[in-house]
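Below: one structure, written as structure tokens.
The values are calculated or read from the model by the stated rules, or taken from the named source; none is laboratory data. Remember, predicted model here, so these are calculated numbers, not experimental data. Glycine also receives a Cβ, built like all others from the backbone with ideal geometry; neighbour counts cover every protein chain displayed. Accessible surface is based on the protein model in full, side chains and every heavy atom, while ligands, DNA and RNA are left aside. Shrake-Rupley method; radii C 1.70, N 1.55, O 1.52, S 1.80 Å.
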Amino acid sequence: PTSLTVSNPTLSSVNLSWTDTNASNPSSWEVLVLPCGSAQPNENLTGVSATSNNSFLITGLQPSTCYIAYVRAVCSSTNKSFWSLGTTFYTSITNDNCENAILLPVNNTSSCSIVTPVLLAGATPSALPLSTTCQGVANDDVWFSFVATNATLAISFQSTIGGATSINHAVYSGDCNNLSLLYCNTANQVWSTATNLIVGNTYYIRVYSTLNTPQNATF
């Protein structure tokens, strides 16, 4: 099997498809899914049987997790192909949409000692178009919320690793069904200051990488 392709990722599943031009007309295939970083599988490893026309729905996965999928053809009980080359994929992340925004703690001092980890890997575009006043392409955005404790608050990003090392963000008021853009940060600037906030109100931060292709950055 060749040309493995992953589509329709969710929090716990993806659809895997492949091409097989084997002249032996495989009666079925085996699909093997391993955590990223695992060694190339040997012939003794057994996958899950797949019989439906070169595609298989992989389920039971963990959110925000990196996996590698392999496929091999099963021509008979004693005749199996080598494992294919692996294809890497990420499951969706829990805060991929505004409705599942992660609540950020607000520091009560300027030290910013309380932080929240951010993962872009597996993020997909949100339905809300990004304003033309914002720079970048929000094709890997994730969402956070905070409750204003002051009329002015600082938003800061630290320790970016992997993928794009520059990120943008946009800040909104309202609710997920009716968001109003307050501002976008200056492109590639890892901090901004939100002003004129109403204490007690909830606001939303949309975070995305600066590149045209989805990234796997963490920060």
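Could you please find all residues in the stretch 1-45 being among the small types (Gly, Ala, Ser), open to solvent by 30 Å² or more (accessible area, probe 1.4 Å) and either over 14 Å from residue 73 (Cα atoms) or part of a loop (DSSP other than H, G, I, E, B) (or both)?
7, 12, 23, 24, 27, 37, 38, 39
Tell me which of these residue 95 doesn't satisfy, since it passes every other one: (1) in contact with a Phe, Trp or Tyr (Cβ under 6 Å, 6 or more places away or on another chain); (2) closer than 16 Å to residue 36 by Cα.
Exception for residue 95: condition (2).
Going residue by residue through the stretch 52-61, is there one that turns out to be more than 27 Å from the chain's Cα centre (by Cα), of a type outside the set (Val, Ile, Thr), surrounded by fewer than 15 Cβ atoms within 10 Å (Cβ to Cβ) and in a loop (DSSP other than H, G, I, E, B)? Can you show your working first?
Step one: filter the stretch 52-61 for residues more than 27 Å from the chain's Cα centre (by Cα), giving 52-53.
This time we only want the ones that are of a type outside the set (Val, Ile, Thr), so: 52-53.
In the following step, the residues that additionally are surrounded by fewer than 15 Cβ atoms within 10 Å (Cβ to Cβ) were identified as 52-53.
Filter again for in a loop (DSSP other than H, G, I, E, B), leaving 52-53.
Yes, the stretch 52-61 contains a residue that is more than 27 Å from the chain's Cα centre (by Cα), of a type outside the set (Val, Ile, Thr), surrounded by fewer than 15 Cβ atoms within 10 Å (Cβ to Cβ) and in a loop (DSSP other than H, G, I, E, B).
Based on what the data block shows, is residue 171 more than 14 Å from the chain's Cα centre (by Cα), surrounded by 18 or more Cβ atoms within 10 Å (Cβ to Cβ) and at pLDDT 90 or above?
So residue 171 fits the description; yes.
Could you tell me whether any residue of the stretch 168-180 is within 18 Å of residue 219 (Cβ to Cβ), in contact (Cβ under 8 Å) with a residue 12 or more places away in the chain and of a type in the set (Gly, Ala, Ser)?
Yes, the stretch 168-180 has at least one match.
Being aromatic (Phe, Trp, Tyr), surrounded by 15 or more Cβ atoms within 10 Å (Cβ to Cβ), modelled with pLDDT of 95 or more and under 28 Å from residue 140 (Cβ atoms) narrows it down to one of 90, 70, so name that one. I'd like the intermediate steps shown before the answer.
Values: 90 fails: modelled with pLDDT of 95 or more.
Sole residue among the options that is aromatic (Phe, Trp, Tyr), surrounded by 15 or more Cβ atoms within 10 Å (Cβ to Cβ), modelled with pLDDT of 95 or more and under 28 Å from residue 140 (Cβ atoms): 70.
Within the stretch 177-190, restricting attention to residues that are farther than 11 Å from residue 206 by Cβ and not in a strand (DSSP E or B), which residue is least open to solvent (accessible area, probe 1.4 Å)?
187
Considering only residues that are free of Cβ contacts under 8 Å to residues at least 60 places away in the same chain and either open to solvent by 70 Å² or more (accessible area, probe 1.4 Å) or assigned to a loop (DSSP other than H, G, I, E, B) (or both), which ones fall in the stretch 194-219?
If the condition is that a residue be free of Cβ contacts under 8 Å to residues at least 60 places away in the same chain and either open to solvent by 70 Å² or more (accessible area, probe 1.4 Å) or assigned to a loop (DSSP other than H, G, I, E, B) (or both), then 195, 196, 197, 198, 199, 200, 201 are the ones that fit.
Would the stretch 97-108 turn up any residue that is closer than 30 Å to residue 60 by Cβ, acidic (Asp, Glu) and crowded, with 20+ Cβ neighbours inside 10 Å?
no
Out of the residues in the stretch 128-149 meeting the condition of being open to solvent by 80 Å² or more (accessible area, probe 1.4 Å) and in contact (Cβ under 8 Å) with a residue 12 or more places away in the chain, tell me which one is farthest from residue 180 (Cα to Cα).
Top of the filtered list is 149.
Checking the structure you have, find out if any residue of the stretch 77-85 is open to solvent by 30 Å² or more (accessible area, probe 1.4 Å) and touching a Ser or Thr at 6+ places or on another chain (Cβ under 7 Å).
no
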